[in-house]
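Note sheet for the following structure.
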C-alpha cells in the first residue's frame, strides 16, 4: 500500500487497471478472472509502481492465442503511449516477433544473437537459433 491513503490508492488502482482495460474489474476476486485478465491485473499491479522498465517472464505461457494477443496489445500500448520499456523473456517466437523491437538470443548464458526480429528470423546465421525457431514453428 506504499503508506498512502486508501482512497488515493484505490484511485491509482483504478487508473492502472484502466491502462490495461480492466477498470471495470476493480472489485473482482482472482477466481472470477480469466487467465488473460489475471495477466493484465498483474501488469496493472506493476504499473502502480510507475516503472520505467517492465520485466516480463513468459507472460503468455499459459494463455490461448486470442488472450495472448490481448496482452500483446497492452504491452504495445504501454510502450507507445506511456513510454515504458519492456524486457520480455519468452519461448514463444511468434509473440517475440510481434512484441519486440530487438531480439536477444542467449545460449549458455551468453548473447549469441542481438538483432531486430526480422533479421533474427530471416537472416540469422546462428545455427542454434535457426534450429530453435524451426523446432517451434508450425
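Since every read-out is calculated from the coordinates, none of them should be taken as a lab result. Model, not experiment: these values are computed from the prediction. Cβ atoms come from the backbone with ideal geometry, glycine included; neighbour counts cover every protein chain shown.
Remarks
- Over the range 6-86, equivalent-ellipsoid semi-axes from the Cα gyration tensor in Å: 19, 17, 10
- Cα-based equivalent ellipsoid of the chain: semi-axis lengths in Å, sorted from largest, via gyration tensor: 33, 16, 12
- In degrees, nearest ten, helix 127-136 long axis to first principal axis of the chain (Cα): 60 degrees
- If you wrap the tightest convex hull around every Cα atom of the range 50-124 and split its volume per residue, you get 100 Å³.
- The calculated FRET efficiency for the pair residue 12 and residue 118, based on their C-beta separation and a Förster distance of 35 Å, comes to about 0.35.
- Computed from Cα positions, the angle between helix 6-19 and the longest principal axis of the chain comes to roughly 40 degrees.
- Extension reserve of the residue 101-residue 125 stretch, reckoned as 0.36 nm per residue once the Cα distance is removed: 6.7 nm
- Of all DSSP bridge pairs formed entirely within the chain, close to 50 percent run antiparallel.
- Among 44, 68, 94, residue whose mean-square fluctuation peaks in a GNM of the chain (springs only between Cα atoms under 10 Å): 94
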